[in-house]
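The structure follows.
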Amino acid sequence: RTQAIVTYRLVSAGVWMVAVGIILFNIPSLRVVGTSLLGAAGVAGVIAALAAQTMLQNLFAGMQLAFGDALRLEDVVVIEGEWGRIEEITLSYVVVRIWDERRLVLPTSYFKTHAYVNWTRNDPAVLGTILLDADWRLPVDEARAELRRYLTVNPLWDGRSCNMEVNDATGPYMRLRMTISASNPSHQWSLRCEVREHMIRWIVDNHPHCIPRMRVNSYQSVMDVRNGAFPDQQAEAQSIEPSEIQMLLSDAPFEQRKPGPES
């Protein structure tokens, strides 16, 4: 389709030029004018070529782009950080329809000097990744089984890839990396959003203790550890020693003294 449109425009321009030339040479009064124009066309062509280098560069780049088959209509591309589809290819510019209905117009020479991502060059099927943080106590095997169970009932999944691994484990939580596949970029985006939403809901409902939390040690928590205080028992307020503050800052374990039967 892309090549047919470009070929049609080239042939149309050539036909119009030939038609105008035939008309000029068949009218006696205009024949002399036409001959003079042809004589001056050589000099004018050289001057025009020097003055319109950018236009000619885009013209030849558009022909190369159309017939080189590197970019086609409706291809999904990522250009200048924008995700969109190729809407129109001409001899001088290319129109990209961005996902939010904006239009990105680029000269055809841009595609000769800049790199771009074409997601549908040979096959529209793509992979997608999802990153999710969770507490270290989350059973990864159960989460992996739940991911596969959910994908098997989701019509957007094409069945090619389903994987989950711990990508990182620094700080108070670990990072899960899920890899899923879909038949095209649009389905892949929707599937990633749905999987992320489902896994968050599954962790909240089945493993609420594995929700990522930022743990903070306060003065009261140090006193609770020191005196063995529990939610239903209040220890008497005592001053904290500098050595215990140092142990807290260095994450050294405290020896918890639980209250005896007489307390």
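Go through the stretch 168-193 and report how many residues are assigned to a loop (DSSP other than H, G, I, E, B) and β-branched (Val, Ile, Thr). If you could, list the steps in order and put the result at the bottom.
Looking only at the stretch 168-193, we keep the residues that are assigned to a loop (DSSP other than H, G, I, E, B), and these are 169-172, 183-184.
If we keep only those that are β-branched (Val, Ile, Thr) too, we end up with 170.
Qualifying residue count, the stretch 168-193: 1.
Residue pairs, Cβ under 8 Å, 6 or more apart or interchain, first in the stretch 93-116 and assigned to a helix (DSSP H, G or I), second surrounded by fewer than 16 Cβ atoms within 10 Å (Cβ to Cβ). List them.
Filtered contacts from the stretch 93-116: PHE111/ALA70; LYS112/GLN64.
Which one is farthest from ILE98 (Cα to Cα) among residues in the stretch 147-191 that are touching an Asp or Glu at 6+ places or on another chain (Cβ under 7 Å) and surrounded by fewer than 17 Cβ atoms within 10 Å (Cβ to Cβ)?
Ranking the qualifying residues of the stretch 147-191, first place goes to ARG175.
Follow-up. Checking the conditions here, which among GLU101, GLU142 is on the phi < 0 side of the Ramachandran plot and either out of contact with any Phe, Trp or Tyr (no Cβ under 9 Å at 6 or more places or on another chain) or not basic (Lys, Arg) (or both)? Steps first, please.
Numbers: GLU101 fails: on the phi < 0 side of the Ramachandran plot.
It is GLU142.
A further question on this structure: Determine if the stretch 192-204 includes at least one residue that is of a type in the set (A, V, I, L, M, F, W, C), under 22 Å from PRO124 (Cβ atoms) and either within 16 Å of the chain's Cα centre (by Cα) or modelled with pLDDT under 90 (or both). Walk me through it before giving the result.
Going residue by residue through the stretch 192-204, those that are of a type in the set (A, V, I, L, M, F, W, C) are 193, 195, 199-200, 202-204.
Okay, now just the ones that are also under 22 Å from PRO124 (Cβ atoms), so 193, 195.
From what's left, either within 16 Å of the chain's Cα centre (by Cα) or modelled with pLDDT under 90 (or both): 193.
Yes, the stretch 192-204 contains a residue that is of a type in the set (A, V, I, L, M, F, W, C), under 22 Å from PRO124 (Cβ atoms) and either within 16 Å of the chain's Cα centre (by Cα) or modelled with pLDDT under 90 (or both).
Of the conditions (1) over 21 Å from MET63 (Cα atoms); (2) charged (D, E, K, R); (3) surrounded by 12 or more Cβ atoms within 10 Å (Cβ to Cβ), ARG121 clears all except one; give me its number.
Just one mismatch for ARG121, condition (1).
I'd like the residue in the stretch 138-167 that is aliphatic (A, V, I, L, M), over 22 Å from the mean Cα position of the chain (by Cα) and not in a helix (DSSP H, G or I) and, out of all such residues, is farthest from ILE203 (Cα to Cα).
Among those that are aliphatic (A, V, I, L, M), over 22 Å from the mean Cα position of the chain (by Cα) and not in a helix (DSSP H, G or I), it is VAL153.
Go through (1) assigned to a helix (DSSP H, G or I); (2) over 22 Å from GLU197 (Cα atoms); (3) not hydrophobic (A, V, I, L, M, F, W, C) for GLU88 and report which single condition fails.
So the condition that GLU88 fails would be (1).
Say we look at the stretch 54-85 and pick out the residues that are small (Gly, Ala, Ser) and assigned to a loop (DSSP other than H, G, I, E, B); which of these is surrounded by the fewest Cβ atoms within 10 Å (Cβ to Cβ)?
Only one residue fits best here, namely GLY81.
Would you mind finding the one in ASN122, ASN118 that is modelled with pLDDT under 90, touching a strand residue (DSSP E or B) at 6+ places or on another chain (Cβ under 7 Å) and of a type in the set (S, T, N, Q)?
Sole residue among the options that is modelled with pLDDT under 90, touching a strand residue (DSSP E or B) at 6+ places or on another chain (Cβ under 7 Å) and of a type in the set (S, T, N, Q): ASN118.
A follow-up question, please. What number of residues within the stretch 194-212 are part of a loop (DSSP other than H, G, I, E, B) and closer than 14 Å to ALA145 by Cβ?
Here the count works out to 1.
Can ASP133 be described as of a type outside the set (Ser, Thr, Tyr), outside the structural domain of PHE60 (by TED's automatic domain parsing), within 17 Å of VAL76 (Cβ to Cβ) and not in a helix (DSSP H, G or I)? Steps first, answer last, please.
Numbers: of a type outside the set (Ser, Thr, Tyr): yes; outside the structural domain of PHE60 (by TED's automatic domain parsing): yes; within 17 Å of VAL76 (Cβ to Cβ): no; not in a helix (DSSP H, G or I): yes.
Criteria not met by ASP133.
The values are calculated or read from the model by the stated rules, or taken from the named source; none is laboratory data. Remember, it's a predicted structure, so these values are computed and weren't measured experimentally. No Cβ is skipped: glycine too gets one built from the backbone with ideal geometry, and neighbour counts run over all protein chains shown.
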